[in-house]
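Report on the following structure.
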Amino acid sequence: MPDLNGKVAIVTGAGRGIGRSHSLALAAAGAKVVVNDLGGGLAGEGSDLTPAQQVVEEIKSAGGEAVANGENVADFAGAGRMIQQATDEFGRLDILVCNAGILRDRMLVNMTEDEWDAVIGVHVKGHFAPTRHAAAHWRERSKAGGDVKGRVINTSSPSGLFGNVGQANYGAAKAAIAGFTVIAAQELQRYGVTVNCLAPNARTRMTESAFELPDDAGAFDPLDPGNMAPVVVALCADEAQGITGQVFHVWGGAVNALRGWDAGELFASDERWDADALLAELVDRFPEGVAPPGMIAGMQAAGGRSLRTK
Ligand SMILES: NC(=O)c1ccc[n+]([C@@H]2O[C@H](COP(=O)([O-])OP(=O)(O)OC[C@H]3O[C@@H](n4cnc5c(N)ncnc54)[C@H](O)[C@@H]3O)[C@@H](O)[C@H]2O)c1
(Lines give C-alpha, C1' and ligand atoms only; values in the text may rest on other atoms or scores of the structure.)
Protein backbone atom coordinates (compact mmCIF):
# COMPACT_ATOMS: atom_id res chain seq x y z
CA MET A 1 0.00 0.00 0.00
CA PRO A 2 1.36 3.52 -0.75
CA ASP A 3 2.73 5.16 2.39
CA LEU A 4 0.65 8.20 3.37
CA ASN A 5 2.35 8.72 6.75
CA GLY A 6 2.60 12.40 7.64
CA LYS A 7 -0.28 13.38 5.35
CA VAL A 8 -3.53 14.92 6.57
CA ALA A 9 -6.82 14.13 4.84
CA ILE A 10 -10.39 15.41 4.99
CA VAL A 11 -13.12 13.11 3.74
CA THR A 12 -16.59 14.66 3.46
CA GLY A 13 -19.71 12.57 4.00
CA ALA A 14 -17.47 10.02 5.69
CA GLY A 15 -19.82 8.77 8.41
CA ARG A 16 -21.25 6.08 6.19
CA GLY A 17 -21.00 4.26 2.89
CA ILE A 18 -18.23 5.07 0.44
CA GLY A 19 -16.77 7.98 2.47
CA ARG A 20 -16.38 5.76 5.54
CA SER A 21 -14.40 3.24 3.45
CA HIS A 22 -12.21 6.01 2.03
CA SER A 23 -11.45 7.24 5.56
CA LEU A 24 -10.56 3.81 6.93
CA ALA A 25 -8.27 3.14 3.95
CA LEU A 26 -6.52 6.52 4.15
CA ALA A 27 -5.96 6.00 7.87
CA ALA A 28 -4.67 2.46 7.29
CA ALA A 29 -2.16 3.93 4.79
CA GLY A 30 -0.95 6.30 7.53
CA ALA A 31 -2.89 9.54 6.94
CA LYS A 32 -4.50 11.49 9.76
CA VAL A 33 -8.16 11.98 8.90
CA VAL A 34 -10.81 14.63 9.53
CA VAL A 35 -14.02 12.63 9.25
CA ASN A 36 -16.72 15.05 8.10
CA ASP A 37 -20.40 14.16 8.11
CA LEU A 38 -23.51 16.21 8.67
CA GLY A 39 -25.24 12.95 9.58
CA GLY A 40 -28.63 13.67 8.03
CA GLY A 41 -31.09 11.44 6.19
CA LEU A 42 -30.68 10.29 2.60
CA ALA A 43 -32.55 13.37 1.36
CA GLY A 44 -30.37 15.64 3.52
CA GLU A 45 -32.81 16.23 6.36
CA GLY A 46 -31.56 16.63 9.97
CA SER A 47 -28.07 16.36 11.41
CA ASP A 48 -26.23 14.03 13.80
CA LEU A 49 -22.51 13.84 14.64
CA THR A 50 -22.76 10.17 15.70
CA PRO A 51 -21.88 8.57 12.30
CA ALA A 52 -18.71 10.70 12.00
CA GLN A 53 -17.74 9.96 15.62
CA GLN A 54 -18.20 6.21 15.07
CA VAL A 55 -15.78 6.27 12.13
CA VAL A 56 -13.29 8.24 14.23
CA GLU A 57 -13.54 5.54 16.90
CA GLU A 58 -12.99 2.80 14.30
CA ILE A 59 -9.86 4.56 13.03
CA LYS A 60 -8.53 5.12 16.55
CA SER A 61 -9.15 1.56 17.64
CA ALA A 62 -7.12 0.40 14.61
CA GLY A 63 -4.25 2.63 15.81
CA GLY A 64 -4.86 5.63 13.55
CA GLU A 65 -5.50 9.32 14.20
CA ALA A 66 -8.79 11.04 13.36
CA VAL A 67 -11.19 13.78 14.44
CA ALA A 68 -14.87 14.27 13.69
CA ASN A 69 -16.34 17.29 11.93
CA GLY A 70 -20.07 17.97 11.57
CA GLU A 71 -20.09 20.88 9.12
CA ASN A 72 -22.47 21.13 6.18
CA VAL A 73 -20.17 21.04 3.13
CA ALA A 74 -22.53 23.35 1.22
CA ASP A 75 -22.06 26.11 3.82
CA PHE A 76 -19.17 28.26 2.56
CA ALA A 77 -18.10 29.44 6.03
CA GLY A 78 -18.60 25.94 7.47
CA ALA A 79 -16.34 24.48 4.77
CA GLY A 80 -13.74 27.07 5.76
CA ARG A 81 -13.99 26.00 9.42
CA MET A 82 -13.50 22.38 8.34
CA ILE A 83 -10.23 23.18 6.54
CA GLN A 84 -9.19 25.26 9.56
CA GLN A 85 -9.90 22.32 11.88
CA ALA A 86 -7.54 20.12 9.83
CA THR A 87 -4.72 22.65 10.04
CA ASP A 88 -5.41 23.44 13.73
CA GLU A 89 -5.51 19.76 14.77
CA PHE A 90 -2.84 18.31 12.50
CA GLY A 91 -0.84 21.32 11.25
CA ARG A 92 -1.52 20.94 7.51
CA LEU A 93 -3.82 19.58 4.83
CA ASP A 94 -2.72 17.30 1.98
CA ILE A 95 -5.81 15.46 0.79
CA LEU A 96 -9.42 16.55 0.33
CA VAL A 97 -11.94 13.91 -0.71
CA CYS A 98 -15.28 15.51 -1.59
CA ASN A 99 -17.78 12.70 -1.24
CA ALA A 100 -20.84 13.99 0.71
CA GLY A 101 -24.08 13.66 -1.17
CA ILE A 102 -27.85 13.36 -1.03
CA LEU A 103 -30.65 12.21 -3.33
CA ARG A 104 -34.04 13.73 -4.09
CA ASP A 105 -35.09 11.76 -7.15
CA ARG A 106 -38.15 12.86 -9.08
CA MET A 107 -39.19 12.95 -12.74
CA LEU A 108 -38.40 16.36 -14.16
CA VAL A 109 -42.04 17.17 -14.82
CA ASN A 110 -42.84 16.90 -11.09
CA MET A 111 -39.58 18.12 -9.56
CA THR A 112 -39.94 20.96 -7.04
CA GLU A 113 -37.64 23.95 -6.78
CA ASP A 114 -36.53 22.75 -3.37
CA GLU A 115 -35.63 19.28 -4.68
CA TRP A 116 -33.53 20.94 -7.37
CA ASP A 117 -31.83 23.47 -5.08
CA ALA A 118 -31.01 21.04 -2.26
CA VAL A 119 -29.30 18.50 -4.53
CA ILE A 120 -27.40 21.08 -6.59
CA GLY A 121 -26.36 22.77 -3.31
CA VAL A 122 -24.98 19.75 -1.46
CA HIS A 123 -23.14 18.35 -4.49
CA VAL A 124 -21.96 21.35 -6.53
CA LYS A 125 -21.45 23.94 -3.79
CA GLY A 126 -20.42 21.09 -1.49
CA HIS A 127 -17.50 20.47 -3.85
CA PHE A 128 -16.70 24.11 -4.57
CA ALA A 129 -16.67 25.39 -0.96
CA PRO A 130 -14.19 22.90 0.60
CA THR A 131 -12.00 22.95 -2.54
CA ARG A 132 -11.92 26.76 -2.53
CA HIS A 133 -10.67 26.91 1.07
CA ALA A 134 -8.23 24.03 0.60
CA ALA A 135 -6.86 25.71 -2.55
CA ALA A 136 -6.14 28.88 -0.56
CA HIS A 137 -4.20 26.80 2.01
CA TRP A 138 -2.14 25.13 -0.73
CA ARG A 139 -1.48 28.39 -2.59
CA GLU A 140 -0.20 29.94 0.64
CA ARG A 141 2.12 26.98 1.26
CA SER A 142 3.32 26.97 -2.35
CA LYS A 143 4.02 30.72 -2.33
CA ALA A 144 5.98 30.30 0.91
CA GLY A 145 8.26 27.91 -1.01
CA GLY A 146 6.81 24.64 0.31
CA ASP A 147 6.87 21.42 -1.72
CA VAL A 148 3.11 20.93 -2.04
CA LYS A 149 1.69 17.60 -3.19
CA GLY A 150 -2.00 18.36 -2.66
CA ARG A 151 -4.81 16.05 -3.69
CA VAL A 152 -8.48 16.69 -4.38
CA ILE A 153 -10.65 13.70 -5.17
CA ASN A 154 -14.20 14.50 -6.21
CA THR A 155 -17.25 12.31 -6.56
CA SER A 156 -19.33 12.24 -9.71
CA SER A 157 -21.68 9.42 -10.73
CA PRO A 158 -22.59 7.29 -13.74
CA SER A 159 -25.90 9.16 -13.49
CA GLY A 160 -24.22 12.45 -14.36
CA LEU A 161 -21.80 11.07 -16.94
CA PHE A 162 -24.21 8.84 -18.87
CA GLY A 163 -27.61 10.26 -17.82
CA ASN A 164 -30.24 8.55 -15.67
CA VAL A 165 -34.00 9.01 -15.86
CA GLY A 166 -35.50 10.51 -12.67
CA GLN A 167 -32.29 12.24 -11.61
CA ALA A 168 -32.20 15.56 -13.51
CA ASN A 169 -31.07 17.38 -10.33
CA TYR A 170 -28.54 14.76 -9.20
CA GLY A 171 -27.23 14.00 -12.70
CA ALA A 172 -26.81 17.70 -13.53
CA ALA A 173 -24.90 18.16 -10.26
CA LYS A 174 -22.70 15.12 -10.91
CA ALA A 175 -21.96 16.27 -14.50
CA ALA A 176 -21.04 19.68 -13.06
CA ILE A 177 -18.60 17.97 -10.67
CA ALA A 178 -16.84 16.27 -13.61
CA GLY A 179 -16.51 19.67 -15.33
CA PHE A 180 -15.37 21.29 -12.08
CA THR A 181 -12.69 18.58 -11.77
CA VAL A 182 -11.19 19.43 -15.16
CA ILE A 183 -11.04 23.19 -14.48
CA ALA A 184 -9.80 22.83 -10.89
CA ALA A 185 -7.08 20.45 -12.18
CA GLN A 186 -5.98 23.06 -14.70
CA GLU A 187 -5.99 25.89 -12.14
CA LEU A 188 -4.37 24.10 -9.20
CA GLN A 189 -1.56 22.33 -11.08
CA ARG A 190 0.63 25.43 -10.60
CA TYR A 191 0.45 24.93 -6.80
CA GLY A 192 1.32 21.22 -6.93
CA VAL A 193 -2.27 20.00 -6.49
CA THR A 194 -3.87 17.23 -8.55
CA VAL A 195 -7.65 17.06 -8.91
CA ASN A 196 -9.33 13.81 -9.96
CA CYS A 197 -12.81 12.39 -9.70
CA LEU A 198 -14.52 9.05 -9.03
CA ALA A 199 -17.73 7.79 -10.56
CA PRO A 200 -18.37 5.05 -7.99
CA ASN A 201 -20.69 2.09 -7.85
CA ALA A 202 -21.35 0.62 -4.42
CA ARG A 203 -24.09 -0.82 -2.33
CA THR A 204 -24.90 1.83 0.30
CA ARG A 205 -28.12 3.24 1.69
CA MET A 206 -28.23 5.32 -1.51
CA THR A 207 -28.35 2.32 -3.84
CA GLU A 208 -29.49 -0.67 -1.77
CA SER A 209 -32.67 -1.00 -3.84
CA ALA A 210 -30.71 -1.04 -7.13
CA PHE A 211 -27.82 -3.34 -6.20
CA GLU A 212 -28.61 -6.78 -4.83
CA LEU A 213 -26.31 -8.90 -2.67
CA PRO A 214 -23.95 -11.37 -4.37
CA ASP A 215 -25.19 -14.98 -4.62
CA ASP A 216 -22.08 -16.37 -2.94
CA ALA A 217 -21.47 -14.64 0.42
CA GLY A 218 -17.75 -15.61 0.37
CA ALA A 219 -17.03 -14.37 -3.17
CA PHE A 220 -15.55 -11.01 -4.16
CA ASP A 221 -18.35 -8.45 -3.97
CA PRO A 222 -17.98 -5.92 -6.81
CA LEU A 223 -20.35 -3.56 -5.02
CA ASP A 224 -18.51 -3.40 -1.69
CA PRO A 225 -17.98 0.36 -0.96
CA GLY A 226 -14.38 -0.53 -0.03
CA ASN A 227 -13.62 -1.21 -3.72
CA MET A 228 -13.31 2.54 -4.29
CA ALA A 229 -10.68 3.02 -1.59
CA PRO A 230 -7.59 1.68 -3.46
CA VAL A 231 -8.22 4.21 -6.22
CA VAL A 232 -8.24 7.03 -3.65
CA VAL A 233 -5.14 5.76 -1.85
CA ALA A 234 -3.22 5.31 -5.14
CA LEU A 235 -4.11 8.81 -6.36
CA CYS A 236 -2.92 10.25 -3.02
CA ALA A 237 0.57 8.73 -3.36
CA ASP A 238 3.42 11.10 -4.23
CA GLU A 239 4.12 8.99 -7.33
CA ALA A 240 0.71 10.01 -8.74
CA GLN A 241 1.73 13.69 -8.93
CA GLY A 242 1.40 13.69 -12.74
CA ILE A 243 -2.11 12.24 -12.87
CA THR A 244 -4.76 14.95 -12.82
CA GLY A 245 -8.10 15.98 -14.31
CA GLN A 246 -9.26 12.35 -14.70
CA VAL A 247 -12.68 10.84 -14.02
CA PHE A 248 -12.45 7.19 -12.96
CA HIS A 249 -15.50 4.95 -13.29
CA VAL A 250 -15.14 2.20 -10.66
CA TRP A 251 -17.15 -1.03 -10.64
CA GLY A 252 -15.55 -3.81 -8.59
CA GLY A 253 -12.07 -4.33 -10.06
CA ALA A 254 -12.84 -2.39 -13.27
CA VAL A 255 -11.29 1.07 -12.93
CA ASN A 256 -11.86 3.02 -16.16
CA ALA A 257 -10.32 6.45 -16.85
CA LEU A 258 -13.24 7.77 -18.87
CA ARG A 259 -13.02 10.06 -21.88
CA GLY A 260 -15.48 12.89 -21.49
CA TRP A 261 -16.74 15.28 -24.09
CA ASP A 262 -14.55 14.57 -27.02
CA ALA A 263 -14.39 15.54 -30.70
CA GLY A 264 -17.31 13.62 -32.20
CA GLU A 265 -19.24 13.86 -35.46
CA LEU A 266 -18.04 16.91 -37.39
CA PHE A 267 -20.34 18.80 -39.76
CA ALA A 268 -17.84 21.01 -41.56
CA SER A 269 -18.58 23.84 -43.96
CA ASP A 270 -16.22 26.52 -45.24
CA GLU A 271 -18.85 29.12 -44.45
CA ARG A 272 -21.92 29.54 -42.21
CA TRP A 273 -24.33 26.64 -42.58
CA ASP A 274 -27.67 27.17 -44.28
CA ALA A 275 -30.28 25.65 -41.91
CA ASP A 276 -31.93 23.62 -44.72
CA ALA A 277 -28.59 22.20 -45.81
CA LEU A 278 -27.58 21.39 -42.22
CA LEU A 279 -30.91 19.69 -41.56
CA ALA A 280 -30.48 17.56 -44.70
CA GLU A 281 -26.96 16.63 -43.57
CA LEU A 282 -28.16 15.75 -40.03
CA VAL A 283 -30.91 13.49 -41.33
CA ASP A 284 -28.51 11.94 -43.83
CA ARG A 285 -25.78 11.28 -41.25
CA PHE A 286 -28.25 10.03 -38.58
CA PRO A 287 -30.86 8.15 -40.63
CA GLU A 288 -32.14 6.31 -37.54
CA GLY A 289 -32.02 9.46 -35.36
CA VAL A 290 -29.56 9.87 -32.51
CA ALA A 291 -30.03 9.89 -28.68
CA PRO A 292 -27.88 9.17 -25.61
CA PRO A 293 -27.75 5.42 -24.88
CA GLY A 294 -28.41 5.96 -21.14
CA MET A 295 -26.75 5.02 -17.88
CA ILE A 296 -26.84 1.23 -18.07
CA ALA A 297 -25.29 1.10 -21.56
CA GLY A 298 -22.67 3.64 -20.45
CA MET A 299 -21.80 1.68 -17.32
CA GLN A 300 -21.51 -1.56 -19.29
CA ALA A 301 -19.24 0.04 -21.88
CA ALA A 302 -17.05 1.30 -19.00
CA GLY A 303 -16.66 -2.20 -17.52
CA GLY A 304 -19.48 -2.09 -15.00
CA ARG A 305 -22.82 -3.74 -14.70
CA SER A 306 -26.11 -2.48 -13.41
CA LEU A 307 -28.28 -5.08 -11.79
CA ARG A 308 -31.34 -3.34 -13.14
CA THR A 309 -32.51 -4.20 -16.62
CA LYS A 310 -34.09 -0.83 -17.45
N1 LIG B 1 -23.42 4.31 -3.88
C2 LIG B 1 -23.25 4.45 -5.20
O3 LIG B 1 -23.34 3.48 -5.99
C4 LIG B 1 -22.91 5.78 -5.76
C5 LIG B 1 -22.91 5.92 -7.16
C6 LIG B 1 -22.55 7.13 -7.70
C7 LIG B 1 -22.20 8.18 -6.88
N8 LIG B 1 -22.24 8.05 -5.53
C9 LIG B 1 -21.85 9.18 -4.71
O10 LIG B 1 -20.94 8.75 -3.72
C11 LIG B 1 -21.02 9.62 -2.58
C12 LIG B 1 -21.21 8.79 -1.32
O13 LIG B 1 -22.49 8.17 -1.39
P14 LIG B 1 -22.88 6.85 -0.58
O15 LIG B 1 -23.45 5.91 -1.58
O16 LIG B 1 -21.78 6.43 0.29
O17 LIG B 1 -24.14 7.41 0.25
P18 LIG B 1 -24.38 7.59 1.85
O19 LIG B 1 -25.72 8.22 1.97
O20 LIG B 1 -24.13 6.30 2.52
O21 LIG B 1 -23.24 8.60 2.29
C22 LIG B 1 -23.28 9.98 2.03
C23 LIG B 1 -22.91 10.71 3.30
O24 LIG B 1 -22.87 12.12 3.03
C25 LIG B 1 -23.36 12.79 4.18
N26 LIG B 1 -23.83 14.14 3.82
C27 LIG B 1 -24.93 14.44 3.08
N28 LIG B 1 -25.05 15.77 2.95
C29 LIG B 1 -24.00 16.34 3.63
C30 LIG B 1 -23.58 17.66 3.84
N31 LIG B 1 -24.28 18.69 3.33
N32 LIG B 1 -22.45 17.88 4.55
C33 LIG B 1 -21.74 16.84 5.07
N34 LIG B 1 -22.12 15.55 4.90
C35 LIG B 1 -23.23 15.30 4.19
C36 LIG B 1 -24.48 11.91 4.67
O37 LIG B 1 -24.80 12.15 6.04
C38 LIG B 1 -23.92 10.51 4.41
O39 LIG B 1 -23.31 9.96 5.56
C40 LIG B 1 -22.16 10.58 -2.87
O41 LIG B 1 -21.64 11.79 -3.41
C42 LIG B 1 -22.96 9.85 -3.94
O43 LIG B 1 -23.73 10.73 -4.71
C44 LIG B 1 -22.60 6.87 -4.94
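With a length cut of 20 Å (Cα positions projected on each helix's long axis) and a Kyte-Doolittle mean of at least -0.5, go through the chain and give me the DSSP H helices that pass. Helices meeting the criterion: 76-90, 168-188.
The residues of region 183-310 expose on average 63 square angstrom of accessible surface per residue, using a 1.4 Å probe on protein heavy atoms. Rolling a 1.4 Å probe across the protein heavy atoms gives region 1-130 an accessible surface of 42 Å² per residue.
Annotation for region 216-234 versus region 87-145: alpha-carbon center distance of 25 Å. Under a model in which nothing but the beta-carbon of Lys, Arg (+1) and Asp, Glu (-1) is charged, the chain shows a dipole of about 760 debye around its Cα centre.
Taking square-rooted eigenvalues a ≥ b ≥ c of the alpha carbon gyration tensor, is region 200-310 rounded, prolate or oblate, where a/c under 1.5 means rounded and, failing that, a/b exceeding b/c means prolate?
Because a/c hits 1.5 or more and a/b fails to exceed b/c, region 200-310 counts as oblate.
The GluC sites (Glu not before Pro) found in region 225-310 that occupy coil by DSSP, while having at most 11 further C-beta atoms within 10 Å, are Glu265, Glu271, Glu288. Looking at region 156-246, the chymotrypsin sites (Phe, Trp or Tyr not before Pro) that sit in a DSSP loop and have at most 16 other Cβ atoms within 10 Å of their own Cβ are Phe220.
Which of Ala178, Ala62, Ala74 moves the most in a Gaussian network model of the chain with Cα springs under 10 Å? Comparing Ala178, Ala62, Ala74 in the GNM, the peak value goes to Ala62. Counting Lys and Arg as +1 and Asp and Glu as -1 over every other residue whose Cβ lies under 12 Å from the Cβ of Ile95, the net charge comes to +3. Computed over the chain, the per-residue total of -39500 (n - 2.57) for DSSP H runs of n ≥ 4 gives a 222 nm mean residue ellipticity of -11500 deg cm²/dmol, rounded to 500. Taking amide hydrogens as placed 1.01 Å from N in the peptide plane, the amide H of Val97 sits under 5 Å from those of Ile10, Val11, Thr12, Ile153, each at least 5 positions away in sequence or on another chain. With springs only between Cα atoms under 10 Å, which of Ala199, Ala168, Ala280 fluctuates most in a Gaussian network model of the chain? Of Ala199, Ala168, Ala280, the most mobile in the Gaussian network model is Ala280. Only one residue of Phe180, Pro287, Pro130 has its Cα farthest out toward the positive end of the dipole of the chain, where Lys and Arg carry +1 and Asp and Glu -1 on Cβ, and that residue is Pro130.
When Trp261, Trp273 are compared by accessible area of protein heavy atoms, the largest-first order is Trp261, Trp273, using a 1.4 Å probe.
Surface composition of the chain: carbon and sulfur make up 52 percent of the accessible area, probe 1.4 Å.
The values are calculated or read from the model by the stated rules, or taken from the named source; none is laboratory data. Fair warning: this is a prediction, and the values are worked out from it, not measured in the lab. Positions of Cβ are generated from backbone atoms using ideal geometry, with glycine treated the same way; all protein chains shown enter the neighbour counts. Each accessible area value is taken on the protein alone, full model and side chains, heavy atoms only, with ligands, DNA and RNA left out. Shrake-Rupley method; radii C 1.70, N 1.55, O 1.52, S 1.80 Å.
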